[in-house]
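See below for the structure under consideration.
The values are calculated or read from the model by the stated rules, or taken from the named source; none is laboratory data. Here the structure is a predicted model, which means the values were calculated and not measured. Every residue, glycine among them, receives a Cβ derived from its backbone with ideal geometry; neighbour counts consider all protein chains shown. Please note that ligands, DNA and RNA were not included when accessible areas were found on the heavy atoms of the full protein model with its side chains. Shrake-Rupley method; radii C 1.70, N 1.55, O 1.52, S 1.80 Å.
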Amino acid sequence: MAANIAVIGTGYVGLTTGACLAHLGHDVVCADIDSQKIDRLNAGEIPILEDGLEDLVREGVQGGRLHFVLGAANSVTDREFVFLCVPTPQGEDGSADLSYIEGAARQISSSLISEAIVINKSTVPVGSTRVVEQALERPDVSVVSNPEFLREGSAVHDFLHPDRVVIGSDDQAAAIRVASIYLGLAAPLMVTDPASAETIKYASNAFLATKISYVNAIAAVCEAVGADVNDVVLGMGYDKRIGQEFLRPGPGWGGSCFPKDSHALVRIAEDAGYDFGLLKGVIEVNEQQFERVVQKVAASIDGSVDGKKIAAWGLTFKSRTDDIRDSPAIEIIHRLQAQGAVVTAYDPAIGADIKGITVCTDPYAACEAAEALVVLTEWDEFKWLDLDKVASAMVSPQVIDARNLLDRNRLRQHGFRYEGIGRS
Ligand code: UGA
């Protein structure tokens, strides 16, 4: 049955949630505080690069099931369900900053209908369901935790084909009503208490970060013992208990979620009296990984990048997104610049200079007079570029492939020196 839904916040999570819920047949109003953004969204234009999202927004707007309005309070007046999808940035002490979510709750409080359900989709520390209840001061309104597991770049697919839907509520009736929103999806649905639902989200992201740090550490071992990490990972992944997913070595993990959530979980544990040494180690290995890539670049040009021209392919934190928040690519470039390197970058999703980095509009221009090329994001198009053109643009044709993306045999045939991660 179609439900009346409001979604507060039109960032990656809110916009995907709103558009997908409209696609499932619900009547959805999305609210934001930016009036220009609202006008563009009502015209079917979306401000982010996200596979399939623009089509869904247009479909919802044209079908009359998706609307965008200014201000949270305006959006909730006749809504049975209100999703909170506002940011929870990292505070100064590593903990998540709840001011946006508390602010949103206070703004909608007096406009909510009786028996409405407020659903927390933002990633919030354990206990935040209670914080929202307190900010609302509406005993007739239930607050339910319903964490998202959407990857940027495949968020629409992940929403419509989830591995699971988690609902955290002490109120069985409210949990069943929230579950009814997702009836159109073929996925296991799990109902638990709010603290467990909130912990599932942090524990999942921290576990995935742990897998990646583990494989990056194994890559370092592979380099030391002369093994090939790609084969090692393939061999490990055939074991169903391990699986092939999230074992790609790289320049370290980043983005708007893993860094923030792993720090927040360390903090949550600490506040509760547990020293999460394992997760601290995972974060530490990630920091080392940035430095290991920097050192590889330096080693490829006589040990120092000072005054050297270096080309970088990739700026976003992963491919298929235009998001550069906490991007390992940017971190590594900044570290190279701090050591005196002159870096020119190219990224298919970034059109202008950013964060003190010169950005070229084509990948060959970025390589002009460079002494080394470092590949930092796994964009597919990098695999198909004209290697002779790259080589002739560079002073010396050598590649540090921090994503193990390129075909090393083909590069060597074209006269390149090649160095990957965890393999020679
Ligand atoms: C992550 C989770 O995967 C989602 O399930 C979660 O909902 C989301 O955070 C969130 O909390 O909102 P996302 O940040 O979009 O999604 O990106 P991922 O695809 O998880 O990648 C994170 C980082 O790990 C990237 O820097 C990526 O390049 C890196 N990575 C990923 C690797 O280095 N190796 C891998 O095998 C996989």
I'm told residue 287 meets every condition in (1) part of a loop (DSSP other than H, G, I, E, B); (2) among the acidic types (Asp, Glu); (3) within 16 Å of the ligand (Cβ to nearest atom) except one. Can you identify the failing condition by its number? (1)
Considering the stretch 368-385 alone, what residues qualify as being of a type outside the set (Val, Ile, Thr) and under 24 Å from residue 289 (Cα atoms)? 370, 371, 372, 373, 376, 378, 379, 380, 382, 383
With respect to residue 166, determine if the residue is surrounded by 20 or more Cβ atoms within 10 Å (Cβ to Cβ), within 16 Å of the ligand (Cβ to nearest atom) and assigned to a loop (DSSP other than H, G, I, E, B). no
Pairs returned, first residue in the stretch 268-292 that is free of Cβ contacts under 8 Å to residues at least 24 places away in the same chain, second residue that is open to solvent by 90 Å² or more (accessible area, probe 1.4 Å) and part of a helix (DSSP H, G or I), beta-carbon separation under 8 angstrom, 6 or more apart or interchain, are 276/270
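For every residue, the table says whether it meets (1) among the aliphatic types (A, V, I, L, M); (2) closer than 13 Å to residue 196 by Cα; (3) in a helix (DSSP H, G or I).
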position	(1), (2), (3)
113	yes, no, no
122	no, no, no
125	no, yes, no
131	yes, no, yes
143	yes, no, no
148	no, no, no
151	no, no, no
Kindly list, by first and then second residue, each pair from a residue in the stretch 312-333 that is within 16 Å of residue 250 (Cα to Cα) and assigned to a helix (DSSP H, G or I) to a residue that is charged (D, E, K, R) and open to solvent by less than 10 Å² (accessible area, probe 1.4 Å), limited to pairs with Cβ atoms under 8 Å and residues at least 6 apart or on different chains. 329/347
Being more than 6 Å from the ligand (Cβ to nearest atom) and buried (at least 22 other Cβ atoms within 10 Å of the Cβ) is the filter; apply it to the stretch 238-255 and report the residue that is farthest from residue 291 (Cα to Cα). 249
Please name all residue pairs, on different chains or six or more residues apart, with Cβ atoms under 8 Å, provided the first residue is in the stretch 195-217 and is over 15 Å from residue 246 (Cα atoms) and the second residue is among the β-branched types (Val, Ile, Thr) and near the ligand (Cβ under 9 Å from one of its atoms). 201/123; 202/123
Residue under question is residue 293, and the condition is that it be at pLDDT 95 or above, part of a helix (DSSP H, G or I), among the aliphatic types (A, V, I, L, M) and within 15 Å of the ligand (Cβ to nearest atom); does it hold? yes
Scan of the stretch 377-418 for residues that are out of contact with any Ser or Thr (no Cβ under 8 Å at 6 or more places or on another chain), of a type outside the set (S, T, N, Q) and under 18 Å from residue 328 (Cβ atoms), ordered by number: 382, 399, 401, 402, 405, 406
Right, residue 210: open to solvent by less than 50 Å² (accessible area, probe 1.4 Å), modelled with pLDDT of 95 or more and not charged (D, E, K, R) or not? yes
Under the condition of being under 14 Å from residue 58 (Cα atoms) and of a type in the set (A, V, I, L, M, F, W, C), which residue from the stretch 31-46 is most open to solvent (accessible area, probe 1.4 Å)? 43
Mind listing whichever residues of the stretch 21-59 are farther than 23 Å from residue 186 by Cβ, of a type in the set (D, E, K, R) and part of a helix (DSSP H, G or I)? 37, 39, 40, 54, 58
Of the residues that sit in the stretch 228-237 and are of a type in the set (A, V, I, L, M) and in contact (Cβ under 8 Å) with a residue 60 or more places away in the chain, which one is most open to solvent (accessible area, probe 1.4 Å)? 232
With the checklist (1) open to solvent by 30 Å² or more (accessible area, probe 1.4 Å); (2) charged (D, E, K, R); (3) modelled with pLDDT under 95 in hand, flag the one item residue 121 doesn't pass. (1)
Scan 191, 215, 225 and give me the residue that is away from the ligand (no atom under 16 Å from the Cβ) and farther than 27 Å from residue 5 by Cβ. 225
